[in-house]
Amino acid sequence: MTSQVSAKRLTQIETHKTVKILRIEGDRGLQDKLRQLGILPGDIASIIRHAPFGGPVLIEVGGREIALGQQIAFNILVREA
């Protein structure tokens, strides 16, 4: 039996959970934007809240709170830490 944990999209993670960022999908522009925000594979992030009605996901990474739109958050693959 393997202990492999499957990746989930950031949009699937419940509020108040902590995750490790595994991979960022999407084009180079999206990856560059997230890098500028300080969001990189290997980082640990906490989900602060999901805004209602498809609003942004608020996360904390490296001591900073960052709001990510649903489409951007969908492209971030994580596993619970």
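Odds and ends about this structure:
- Computed label-point distance, nm, for sites T18 and S46 using a 7 Å Cα→Cβ extension: 0.8
- Using a cutoff of 8 angstrom between alpha carbon atoms and counting only pairs six or more residues apart, the relative contact order for segment 8-80 works out to 43 percent.
Read-outs throughout are calculated quantities, based only on the coordinates presented, and are distinct from any laboratory measurement. Keep in mind it's a predicted model, so treat the numbers as computed, not measured. Positions of Cβ are generated from backbone atoms using ideal geometry, with glycine treated the same way; all protein chains shown enter the neighbour counts.
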